[in-house]
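J.: The structure follows.
The values are calculated or read from the model by the stated rules, or taken from the named source; none is laboratory data. Owing to the predicted nature of the structure, the values given are computational and were not obtained by experimental measurement. Backbone-built Cβ (ideal geometry, glycine too); neighbour counts: all protein chains shown. Note: areas computed on protein heavy atoms with side chains; ligands, DNA, RNA excluded. Shrake-Rupley method; radii C 1.70, N 1.55, O 1.52, S 1.80 Å.
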Amino acid sequence: MAKTIKDPKEAAATLKAAVQEAGSVVFFGGAGVSTASGIPDFRSPNGLYHQRGYKYPPETMLSHSFYQTHREEFFDFYRHVMCVPDAKPNQCHRKLAQLEQEGKLTAVVTQNIDGLHQAAGSRRVYELHGSTHRNICRKCGAVYDQDWVLATTGEPRCEKCGGPVKPDVVLYEESLDQDVIMGAVRAIQTCDLLVIGGTSLVVYPAAGLVDYFRGSQLIICNLEPTPGDSMADVICACDIAKAFDW
């Protein structure tokens with residue numbers, strides 16, 4: 001049975017010791033990693049699924065079919081809810097970048113689309129669901145950043161060819177990038193320590209990547225119980241930013 005730790009200081013000490021003992025570490029994270037940076041998660045009372053003021057539920061507005069048929073409304077939602085230009089990396093992002101620089105962390109696998117891991121300095125990041133910082137012309141392939149999209153209105157059009165520019169974000173009804181998936185699988189398969197943080201482990205196929213772990217220790221850091229708790233060696237049921245404050 002997993003050891004459950006609720007005290008943030010004890011969680012930080014336990015996590016630090018586990019990382020120091022491991023030969024290689026992979027971090028697998030979700031929306032909870034970015035909540036300390038002011039980005040809403042999906043399922044909490046203040047999360048994305050509970051946003052108000054739109055005629056359609058978020059899961060509908062984030063679908064490929066909605067993007068195809070309601071471009072203006074899609075981009076209104078995308079700009080005002082999905083893009084968070086003022087968000088800054090928190091302690092979790094910064095510590096993970098430091099661990100990579102020190103040669104301990106081999107990869108970050110994230111379900112987030114906010115780019116905060118890269119902003120903190122992480123280089124090997126597998127973005128399972130894409131990023132708001134990449135927006136690609138569907139006609140010529142030109143790439144635009146988040147600020148460019150935020151400065152446009154309606155459906156953004158490519159400056160080079162006039163084609164429609166679509167966020168490089170995986171919408172509902174779309175498949176995950178297979179190269180990203182395979183890179184994440186290889187990283188998880190070959191690490192000694194897998195740390196899972198800020199994710200409910202209910203969104204598939206992303207959550208299924210945990211099944212590829214063959215290492216010696218699994219630590220889950222999440223405020224709420226997850227379906228993966230039975231596989232964990234340690235559960236840190238506390239704020240993830242505080243658990244990485246060491």
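J.: What's the magnitude of the charge dipole for region 147-246 around its Cα centre, counting Lys and Arg as +1 and Asp and Glu as -1 at the beta-carbon? Answer in Debye, nearest 20.
T.: 160 debye
J.: Could you tell me whether region 140-209 comes out rounded, prolate or oblate from its Cα gyration tensor? Rule is a ≥ b ≥ c as square roots of the eigenvalues, rounded for a/c under 1.5, then prolate if a/b exceeds b/c, otherwise oblate.
T.: Taking the square roots of the gyration eigenvalues as a ≥ b ≥ c, region 140-209 is prolate.
J.: Using a 1.4 Å probe over the heavy atoms of the protein chains, calculate the carbon and sulfur portion of the accessible area of the chain as a whole percent.
T.: Details: 5860 of 11820 Å².
Carbon and sulfur together cover 50 percent of it.
J.: Compute the distribution of all C-alpha to C-alpha distances in region 171-246, in bins of 10 Å from 0, and list the percent of pairs in each, rounded to whole numbers.
T.: Calculated over all Cα pairs of region 171-246, the distribution is 18, 47, 31, 5, 0 percent.
J.: Additional query: Assuming 0.36 nm per residue, please report the length gained on full extension of the stretch Lys55 to Arg157 beyond their Cα-Cα distance.
T.: On the way: separation 102, 0.36 × 102 = 36.72 nm, distance 2.49 nm.
34.2 nm is the gain from fully extending Lys55 to Arg157.
J.: Here's a follow-up. Determine the percent antiparallel among the DSSP beta bridges restricted to the chain, to the nearest 5.
T.: Here the antiparallel bridges make up roughly 25 percent for the chain.
J.: Another question, then. For the chain, what does the accessible surface come to per residue with a 1.4 Å probe? Please give it in Å².
T.: 48 Å²
J.: Also, I was wondering about something else. Would you mind checking the tilt of helix 91-101 against the longest principal axis of the Cα atoms of the chain, expressed as 0 to 90 degrees and rounded to 10?
T.: 80 degrees
J.: If you don't mind, another one. Taking R0 as 30 Å, what's the FRET efficiency between Lys3 and Ala87 from their Cβ-Cβ distance, rounded to 0.05?
T.: 0.40
J.: What's the FRET efficiency of Leu150 with Ser65 using the Cβ-Cβ distance as r and R₀ = 22 Å, to the nearest 0.05? Before the final figure, lay out the partial values.
T.: Numbers: r = 24 Å, r/R0 = 1.11.
Efficiency, from the Cβ-Cβ distance: 0.35.
J.: Also, I was wondering about something else. Over region 89-246, what relative contact order in percent results from Cα pairs under 8 Å that are six or more residues apart?
T.: So the answer I get is 19 percent.
J.: Mind listing the lone cysteines of the chain, meaning no other Cys beta-carbon sits under 4.7 Å from theirs?
T.: Cysteines lacking a close Cβ partner in the chain: Cys83, Cys92, Cys191, Cys238.
J.: By the gyration tensor of its Cα atoms, with a ≥ b ≥ c the square roots of the eigenvalues, what is the shape of region 1-142: rounded for a/c under 1.5, prolate for a/b over b/c, or oblate?
T.: prolate
J.: Between Rg and the Kirkwood Rh of the chain, both from Cα atoms, what is the Rg to Rh ratio?
T.: 0.98
J.: So if I take the centroid of the Cα atoms in region 71-118 and the same for region 8-32, what is the distance between those two points in Å?
T.: 18 Å
J.: Okay, next question. If you take every DSSP beta bridge fully contained in region 75-189, what fraction is antiparallel? Give it as a percent rounded to 5. Can you show the working numbers first?
T.: Details: 8 of 11 bridges.
Here the antiparallel bridges make up roughly 75 percent for region 75-189.
J.: Mind giving me the nanometre distance, one decimal, between the label points for Glu73 and Tyr204, set 7 Å out from Cα along Cα→Cβ?
T.: For the pair Glu73/Tyr204, the computed spacing is 3.0 nm.
J.: Let me ask another. Give me the one-decimal nm value for the distance between modelled label points at Glu224 and Gln189, 7 Å along each residue's Cα-to-Cβ direction.
T.: If labels sit at Glu224 and Gln189, their model points lie 3.2 nm apart.
J.: Helix-only mean residue ellipticity at 222 nm, the chain, DSSP H runs n ≥ 4 weighted -39,500 (n - 2.57), per residue, nearest 500. What is it?
T.: Helix contribution divided over all residues of the chain: -7500 deg cm²/dmol.
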